[in-house]
Structures are given as structure tokens and as C-alpha cells.
Amino acid sequence: MIPVLDLFAGPGGLAEGISAFITDENKPFDIRLSVEKESSAWRTLRLRAFTRQFKNGLPTEYYEYIANNLGNNPEEQLFKKYPKQAEQANKEALQFTLGDDCNRKLDDLIKERIDVSKNWVLIGGPPCQAYSLVGRARNKGNSEYRAENDLRHFLYREYLRIIKEFQPAVFIMENVKGILSAKVNGELIFYRILEDFEQAGYHIYSMVKKRQSDSMPDPHDFIICSEKYGIPQERHRVIVLGVRKDIERKPGTLREQEKVIVEQVIGDLPKLRSGLSKQQNNDSSEAWAAVIQDEIKLALSSMENQSLKKKIEETLARKLQGNSLDRGINVLKSTKGLYQNMPAKLAEWYSDEKLLSVINHDTRGHMNSDLARYLYCSSYAEIYSQVNTRSSPRLNDFPQELLPAHKNVNSGKFVDRFKVQEKHLPASTITSHISKDGHYFIHYDPAQCRSLTVREAARIQTFPDNYFFEGTRTQQYVQVGNAVPPLLAKQIAGIIYNLLI
């Protein structure tokens, strides 16, 4: 077995894919330690570590636990019944913040659980808030912000310290594209990071473009466009592969695959309606349909686009009225009909025939006015969709009656504030912002008139259907948005394995 240490692990997307890699009917990678500081992500990480202790199938109690979509108490419902597996999960998944106070503890655990005299693998992605374009734009608005004082810029040094101290055979570091242009004291930080890794004794490689010489690759060569590799979203991330210089083999690159579209991975899930955030005492499907009808009627009366008007009216008349859709808050018992639209390999990856319900698949409430906007946007996209062309409306395509009541609505900024995840294309990037509102993640089906659920976002991120996310719904969204797609990680594992066999 090849030991793996996962730092800044989040809910475990990288580890999930790497641990799932199979060769000759064996799984060669063994996750020995995973470190995450955020409580809900750590609980998800620990629960998944628990499942990995069962080599011959998960116990019935696990399916019963996740079927209720409640979570948060595995100690009583699972861990007491399986104490040995729980003990191993608690040893594997660690909750603490990397830094001076915890370095000795982590170092001792590495020495205890990983034989560093043999080949082992380090994976992880230092937090990206300081590098992301959104985060940097927010920092610009803070007159007291100083990049050189933002410790998040230097969390990679904790990663680097482990590399220097324990010399893994291979490491994988993932981050957002914004890291390529982030600066501290006028210096591009990404160049510093690459130089630090080289000086620590590693050759640095891209996994999408072969290194042609001894000179450092172009920074943009490290961007992996996930949609090219069978991931149903246009997720573009920087992923660096480091190989210790004494290893003579050269790494291969990822093989491009046929694109996977949104409908293939979420079209089979049970149809749901959104909730009514302002009507908690009467949140029925009838009240929901009535609110949408009322909110959009003024816009319909002035709408000049007859095709779009007809589409919306048909949805109102035939699909919303009298259609008793559930919100998914009650247990969705039926898993029949799942995976029918998927290619066989994807169905095999997502499916688990022992599942008792569709987990993490419930909707949040939306403002009444947003329901009308979501109906308009999804109807617009359905009318104007063209192969390989995005067709979500921009704010200047909205009827006046549906424009948000924002001061900057006519400023030309945030013109694509509302975006449909169109069924015939890969999704746009699932980000942690999905936890804030659903405007950028509108379901393509006008009859459902809502944003994506956690399970739909997890499907787009390629988490298997038995992967349960702990915490509140908001915390679950954040976990999914911050993760590395496991199915991409599985492909990366193949490159690592071929270096070490």
C-alpha cells in the first residue's frame, strides 16, 4: 500500500478519488492521515474515513443513518456499534489548524502512521480565499488590508515544511487560478512557490502538458480544465505535481475524454420545488405555484417576446398548477429510475444499490421575486439554448418588472448575476458561493423553479451518491464548492501510481 497524507483536506474530494483508484482489482493508495480545521468539513471527512474501514461493503446502519438526511450524530448511531472502525476513522481524520502550535503533534503522527523511509504521497490545497479573484476584489475595498500580513498567503509554507521535513515521493497541490496572478510586495507568489518546491528537491510538472526541458513550465500549463476530463463542469484549477528528484520516471498526462453535460448527471434525480422563504406557515406546492403566478404576471403582461411568453405561460398552466412537488425535506425513499441518462462508467461511479434514499437532496427557500426570476431565466435558456452556446439571460434581457431592486442594477456590473446551469452543457464552476444564494446555480427545468440542491452540486462535483455531507445545508454547500472533484482525483491517482510502481 502507498500511504497518503491529505492536508487542508476539506470534505475529502482528493482523498476520495485517490483512494478509489483501482489497478489489478486492488486499491494501492491508503489514506493514513487527513487534516482539516473547519468543523462540519471535518465531520464529513471523518464519516468518509469510517466508511473506508469496511472492505466488504458498508453496514446497514450506515445507510439508515444517511437516509434520514439529518446526520451530525454518528457517535450514537454508528460509532458505538462499530468501535474499531470508529477508532481508525478518528485516527485518520484530524481536526486542527496547521501552524506552530500543532506542528509537533502532526509531525509525531506522521512518524507514527507513515513509514517516511519508503515512498508515500502528500496531497492537499492550501485555502484559496487570499488568491481568488473575488476575495482579492473584496480585499481591495478594505483600506487596512495588507497582503503581506494575510497569513493565508503563506499557508503553503506549512505544506512546504512537511515536504522538506519528510520528503514524500510525490505531492499534489491544488488551488484556484487566481494564485497565478496573486502578488505579495509586488512579487508574483506562484513563482516563489514553484522555486521553493524546486529547492526542496522536486521536479515540478503539469498534468496536462509534458515538460519539454529542465526549465520551469509556464504557470498557465498547470491549469486543469476539468470539463476536458469527464467532469460535468467547467472547473479550471491550478494543480501542481511534484516528483522527488531521485525518482527517474517521468509522469504522464491526463487523457482527454468526451464531455459530460449537466442533464446526464442530475436529470435523473427526483424533481423538487423550492421553498417559500417568506411563508413558513403555508409552504405548500399550491401556495408556491400561486406565488410564482402572482410575481410574474406583470412581466408577462408587458413581455414582447412571444415565444418566451408562451413558454412561461405553458409552464404555469401545465407544470406548476396542480403539480405537487416535494421539497425533499422528508425522506425521499425512491431511488428507482436513477442513472438512466448516464454513460455506464459514470453510473457505476455514482451508484450504490443499497441506498435507501437520495441523500442531501432538499431545497432551500427563495424570495418570492426570485422565484419569478428563476422561472424567467430557465425558460429563456430553454428557448435560446444552442449546442455549446450558453444562453442564460443577462440583466439587460430582463423585463423591467423582474429587475432586482439594487442600486447598481443599471451600472453594467454583475450583468450575469442570474445564471442557469444549462442541461446540454457542462456546468459552470461549483463554488462555495452557492451557499450564499442560488442565483448563479439555477436549475434548468422551469417547472422546478429553484437553485441546485447539495446533491445536485455534489453530482456535478462527481461525489458518489453514498457520500454524505454533515452539517447544515449552508455548510454542506460550502464543503461541496471547495472540494476537488473526486473523479478527477482518481485520474490523477493513475499518474501517481505509474510513477511509483
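The values are calculated or read from the model by the stated rules, or taken from the named source; none is laboratory data. Predicted model, so just to flag it, every value in this text is computed and none were measured. All Cβ positions, even for glycine, are placed from backbone atoms using ideal geometry, and neighbour counts span all protein chains on display.
Just give me the residues in the range 342-374 being over 16 Å from Asp437 (Cβ atoms) and more than 23 Å from the chain's Cα centre (by Cα), in sequence order. Passing the criteria: Glu353, Lys354, Leu356.
Taking the range 440-501 and the helices (runs of 4 or more DSSP H) fully enclosed by it, the elements with 1 or more residues that are more than 10 Å from the chain's Cα centre (by Cα) and assigned by TED's automatic domain parsing to the domain that holds Lys228 are at 486-500.
Here Met173 clears all of (1) buried (at least 21 other Cβ atoms within 10 Å of the Cβ); (2) over 24 Å from Gly12 (Cβ atoms) except the condition numbered (2).
Just give me the residues in the range 383-397 being surrounded by fewer than 19 Cβ atoms within 10 Å (Cβ to Cβ), at pLDDT 85 or above and not small (Gly, Ala, Ser), in sequence order. Those that are surrounded by fewer than 19 Cβ atoms within 10 Å (Cβ to Cβ), at pLDDT 85 or above and not small (Gly, Ala, Ser): Ile383, Tyr384, Arg394, Asn396, Asp397. Taken as a whole, the condition of being in a loop (DSSP other than H, G, I, E, B), at pLDDT below 90 and in contact with a strand residue (DSSP E or B) (Cβ under 7 Å, 6 or more places away or on another chain) does not apply to Tyr145.
Among the conditions (1) touching a Ser or Thr at 6+ places or on another chain (Cβ under 9 Å); (2) under 23 Å from Ala169 (Cα atoms), the only one that Leu14 does not satisfy is (1). If the condition is being of a type in the set (Lys, Arg) and under 15 Å from Tyr497 (Cβ atoms), then the range 5-46 contributes only Lys27. Residues of the range 457-467 being buried (at least 24 other Cβ atoms within 10 Å of the Cβ) and of a type outside the set (Ser, Thr, Tyr), which ones? Within the range 457-467, Ala457, Ala458, Arg459, Ile460, Gln461, Phe463 qualify.
Conditions (1) surrounded by fewer than 23 Cβ atoms within 10 Å (Cβ to Cβ); (2) at pLDDT 95 or above; (3) in contact with a strand residue (DSSP E or B) (Cβ under 6 Å, 6 or more places away or on another chain), marked per residue:
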| position | (1), (2), (3) |
| --- | --- |
| Ile2 | yes, yes, yes |
| Glu16 | no, yes, no |
| Gln53 | yes, yes, no |
| Leu58 | yes, yes, no |
| Glu64 | yes, no, no |
| Asn72 | yes, no, no |
| Glu75 | yes, no, no |
| Ala86 | yes, yes, no |
| Ala89 | no, yes, no |
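Screening Lys228 against (1) crowded, with 16+ Cβ neighbours inside 10 Å; (2) outside any helix (DSSP H, G or I) leaves a single unmet condition, (2).
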